[in-house]
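Notes for the one structure printed next.
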Amino acid sequence: MILHIVNRAPQSGQAASQALAVMAPEDRLILIEEAVFAVLDAQWQGWRIAAERIHALEDDVASRGLADIAGRQQPELLSVDAFVALTAEAHQTVSWY
């Protein structure tokens, strides 16, 4: 499993769409930093393509006041500890900026 780490909002660049384009069925994607704004876009292709494999960093979601909105898209919110564990589980990580 490859863990794709995206830190740019889908609306502000190509990082998220490029990560989605190369994801294999067993890969996971985590939204961090500004990328958590993806929860505001119900039409973002990630929700249609790989919703069950998309996570968001809980602290970043909360610090941007998006906790209630994140529930609509239902990405699995990960604590920092869970993020570290997922990173350790991955065979490789790829950061998308």
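State whether one or more residues within the range 33-44 are in contact (Cβ under 8 Å) with a residue 12 or more places away in the chain, part of a helix (DSSP H, G or I), among the aromatic types (Phe, Trp, Tyr) and within 20 Å of residue 97 (Cβ to Cβ).
Step one: list which residues in the range 33-44 are in contact (Cβ under 8 Å) with a residue 12 or more places away in the chain, which gives 33-42, 44.
Then keep just the ones that are part of a helix (DSSP H, G or I); that gives 33-40.
Now restrict to residues that are among the aromatic types (Phe, Trp, Tyr): 37.
Checking which are within 20 Å of residue 97 (Cβ to Cβ) leaves us with 37.
There is at least one residue in the range 33-44 that is in contact (Cβ under 8 Å) with a residue 12 or more places away in the chain, part of a helix (DSSP H, G or I), among the aromatic types (Phe, Trp, Tyr) and within 20 Å of residue 97 (Cβ to Cβ).
Of all the residues in the range 52-97, those that are among the aliphatic types (A, V, I, L, M) and assigned to a helix (DSSP H, G or I) number 11.
Answer with yes or no whether residue 19 is crowded, with 19+ Cβ neighbours inside 10 Å, under 14 Å from the mean Cα position of the chain (by Cα) and touching a residue at least 60 places away in the same chain (Cβ under 8 Å).
Numbers: crowded, with 19+ Cβ neighbours inside 10 Å: yes; under 14 Å from the mean Cα position of the chain (by Cα): yes; touching a residue at least 60 places away in the same chain (Cβ under 8 Å): yes.
Spelling it out, residue 19 is indeed crowded, with 19+ Cβ neighbours inside 10 Å, under 14 Å from the mean Cα position of the chain (by Cα) and touching a residue at least 60 places away in the same chain (Cβ under 8 Å).
Filter the range 42-66 for residues that are hydrophobic (A, V, I, L, M, F, W, C), surrounded by 15 or more Cβ atoms within 10 Å (Cβ to Cβ) and over 24 Å from residue 24 (Cβ atoms); which is modelled with the lowest pLDDT? Break it down stepwise before answering.
The first filter runs over the range 42-66 and keeps only residues hydrophobic (A, V, I, L, M, F, W, C), leaving 42, 44, 47, 49-51, 54, 56-57, 61-62, 66.
The next check asks that each one be surrounded by 15 or more Cβ atoms within 10 Å (Cβ to Cβ); those that pass are 44, 47, 50, 54, 56-57, 61, 66.
Among the residues that remain, those that are also over 24 Å from residue 24 (Cβ atoms) are: 61, 66.
Details: 61: 93, 66: 89.
Checking each candidate, the answer is 66.
For the range 41-56, which positions are aliphatic (A, V, I, L, M) and in contact with a helix residue (DSSP H, G or I) (Cβ under 6 Å, 6 or more places away or on another chain)?
49, 54, 56
The values are calculated or read from the model by the stated rules, or taken from the named source; none is laboratory data. These numbers were taken from a predicted model, which means no experiment stands behind them. Positions of Cβ are backbone-derived with ideal geometry, glycine not excepted, and every protein chain shown enters the neighbour counts.
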